[in-house]
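Okay, so here's the structure we're looking at.
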Amino acid sequence: MAKALEANGAEAEIVSIGTKAVQGCIACNKCAETGRCVFNDDLYNTIWEKAKDADGIVVGSPVYYAGPNGSLCALLDRLFYSASSFLRYKPAAAVAVCRRGGACAAFDRLNKYFTINCMPVVNSQYWNSVHGLKPGEASQDAEGLQTMRTLGNDMAWILRSGNVMAIPKASRVTHVEDIAKSLDLVLTEEDMKAIDQAFPPPIHKYIWPVGSSWETTAISVSFRPRRHCPLFRPLSGRCG
């Protein structure tokens, strides 16, 4: 996702909360007076400052018993309660990584931090989850990685204030050739022309699984003010 943001001209920084114990909220409400949590720890202060300066926020978590990491939630409780004034209206997205199940529940929990705080939630072509247990396994989830690339492109689009006519064509055709290559599919010039003709700008195009095989399919996502309308229109024929 960070690569997709950077490819669209947006700076991206990844901040890990680490493995140390994280203080939770005790509902003292002092942050309502000071604007910051009374527990003056380095992790909270770092995230608070970076969240204030950021134009958009992405929160990612592994899945623990169908929920986000407990330390992360402890930090987010304090951050969102104390920093709601400057987080409001910043586009945000949640990402969950799981071995097999529980991603949707964790994804839903993280999104609640945004939806209670007037933050536009950025979506993708599927729920924002990647599957894997051991280090390196998530990078083998081709569909999950494509979902992350799409999420990065959609976040970048929103950060550009939605001026569709200013979006370069390269950012509208979202990794069609890259994902096809990873699946050992061959896209000819004729295939690419057909995709462009069927889905003119401003539309994102993807390779998507249909049935038990991978076919040439495009997902058209048409962005208009106050409206998000996904249209699923499979192209004729197969790649390669």
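A few points about this structure:
- Verdict on residue 94 being among the small types (Gly, Ala, Ser), at pLDDT 95 or above and either crowded, with 19+ Cβ neighbours inside 10 Å or in the same structural domain as residue 21 (by TED's automatic domain parsing) (or both): yes
- Residue match in the range 146-153 (condition: modelled with pLDDT of 90 or more and either assigned to a loop (DSSP other than H, G, I, E, B) or more than 17 Å from residue 4 (Cα to Cα) (or both)): no
- Of the residues making up the range 13-28, not a single one is part of a helix (DSSP H, G or I) and in contact (Cβ under 8 Å) with a residue 24 or more places away in the chain.
- Qualifying residue in the range 105-122 (condition: part of a helix (DSSP H, G or I), within 16 Å of residue 63 (Cβ to Cβ) and free of Cβ contacts under 8 Å to residues at least 12 places away in the same chain): yes
- The single residue among 87, 5 that is hydrophobic (A, V, I, L, M, F, W, C) and over 26 Å from residue 143 (Cα atoms) turns out to be 87.
- Considering only residues in the range 70-103 that are part of a strand (DSSP E or B) and touching a residue at least 40 places away in the same chain (Cβ under 8 Å), the one that is farthest from the chain's Cα centre (by Cα) turns out to be 97.
- Unique residue being assigned by TED's automatic domain parsing to the domain that holds residue 74, more than 24 Å from residue 70 (Cα to Cα) and aliphatic (A, V, I, L, M) when the list is 133, 145: 145
Every residue, every condition in (1) buried (at least 17 other Cβ atoms within 10 Å of the Cβ); (2) of a type in the set (Lys, Arg); (3) outside the structural domain of residue 16 (by TED's automatic domain parsing), yes or no:
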| residue | (1), (2), (3) |
| --- | --- |
| 41 | no, no, no |
| 60 | yes, no, no |
| 65 | no, no, no |
| 70 | no, no, no |
| 78 | yes, yes, no |
| 116 | no, no, no |
| 141 | no, no, no |
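- Subset of the range 40-57 (residues that are in contact with a helix residue (DSSP H, G or I) (Cβ under 7 Å, 6 or more places away or on another chain), hydrophobic (A, V, I, L, M, F, W, C) and not in a helix (DSSP H, G or I)): 57
- Just one of (1) modelled with pLDDT of 95 or more; (2) not in a helix (DSSP H, G or I) fails for residue 135. It is (1).
The values are calculated or read from the model by the stated rules, or taken from the named source; none is laboratory data. Computed from a predicted model, the values in this text were never measured in an experiment. Note: ideal-geometry Cβ built from the backbone for every residue, glycine included; neighbour counts use all protein chains shown.
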